[in-house]
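Here's the structure we're looking at; comments come further down.
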Amino acid sequence: MSSYCDERLAGLYDLLNPPGEDTRFYIQLAGQLKRQPEGVPEAQGEEQSGGREPLAILDIGCGTGALARALARRGHKVTAADPAPAMLAVARRGAGAERVDWVEGDATTRHAAAPFDLVLMTGHSFQCLLSDEVIEATFQAVREQLSPGGRFAFESRNPIVEGWRQWTPGRSRRLIRPIGSASVETYLSLVSAEDDIIAYRTHLRFPGEEEVILEDQVRFTSCDLLKEKLAEAGFSEVNLYGSFDRSEFGPKSPEIIVVAG
């Protein structure tokens with residue numbers, strides 16, 4: 001997110017957004033796209049490719065790089081991009097960071113490592129694309145950097161469910177505890193909801209300090225518009241899921257999870 005502009009705040013990102021079903025979904029997707037050479041046994045253990053051909057993967061909006069490092073540990077060749085230098089600074093200190101090519105860049109950046117077998121936008125980073133024009137430019141940039149048969153995967157919260165209504169102090173308040181530090185109180189507050197653009201604040205109260213308030217905007221893009229823009233960019237095969245358990249997308253699904261090629 002754009003508000004994580006210094007390393008102290010960026011260092012809290014993984015505590016605010018711990019790995020979960022979404023991380024498992026994308027790791028499994030990468031594993032399914034691997035090609036198994038004839039006569040080579042199945043891989044043993046999750047930390048190695050075990051004879052399978054690794055993928056070239058681009059992780060757009062990689063944040064602090066937890067997913068990128070996990071994919072690299074599994075033998076993939078990973079390029080991870082984020083527009084926030086503070087996020088990349090934290091990412092580069094993580095275990096296994098040396099296996100990843102870290103790049104400062106946004107969703108439209110062209111990369112020397114292209115073409116990619118898999119391009120990812122996770123952590124709802126797609127929702128930071130606030131206009132049709134930016135979405136179109138992103139889809140075009142991704143399409144041009146995909147290898148034949150490659151896949152583009154991302155998720156966006158379903159606007160029909162109106163999940164932003166849960167972004168209130170009473171429903172979102174919690175304590176997080178950084179390693180070696182006292183607990184930090186955090187909660188969300190809604191600023192405005194105009195059309196499909198939601199403005200909100202993340203409140204962080206450090207012990208003995210004034211409250212830090214991060215301001216952000218995200219877009220809740222409709223499923224129909226996503227499909228329209230993907231088609232315009234040349235994605236002819238679009239698979240949709242409604243949650244990270246791979247259930248079929250429906251009108252009341254919490255997520256719009258896209259795997260397109």
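Surface composition of the range 46-151: carbon and sulfur make up 49 percent of the accessible area, probe 1.4 Å. Rounded to the nearest 20, the size of the Cβ-charge dipole of the chain about its Cα centre is 760 debye, with Lys and Arg at +1 and Asp and Glu at -1. Measuring nothing but how far apart in sequence close Cα pairs (under 8 Å, 6+ apart) lie, relative to its length, the range 119-252 scores a relative contact order of 23 percent. In the range 199-261, Cα pairs under 8 Å separated by at least six residues give a relative contact order of 22 percent. Judged by the mean number of other Cβ atoms found within 10 Å, the most tightly packed of the peptides 159-166, 141-148 leads the ranking 141-148, 159-166. Pairwise inverse Cα distances across the chain, averaged and inverted, put the Kirkwood hydrodynamic radius at 19.3 Å. Applying both filters, DSSP loop and at most 15 other Cβ atoms within 10 Å, to the trypsin sites (Lys or Arg not before Pro) of the range 214-248 gives ARG246.
For the chain, the longest principal axis of the Cα atoms and the long axis of helix 21-33 meet at an angle of about 10 degrees. In the chain, the longest principal axis of the Cα atoms and the axis of helix 132-145 are about 30 degrees apart. Each part reduced to its alpha carbon centroid, the range 211-235 and the range 160-176 end up 20 Å apart.
The values are calculated or read from the model by the stated rules, or taken from the named source; none is laboratory data. Being a predicted model, the structure only gives us computed values, none of them experimental. Heads up, the Cβs are rebuilt from the backbone with ideal geometry, glycines too, and the neighbour counts pull from every protein chain shown. These accessible areas exclude ligands, DNA and RNA; they are computed on the full protein's heavy atoms, side chains included. Shrake-Rupley method; radii C 1.70, N 1.55, O 1.52, S 1.80 Å.
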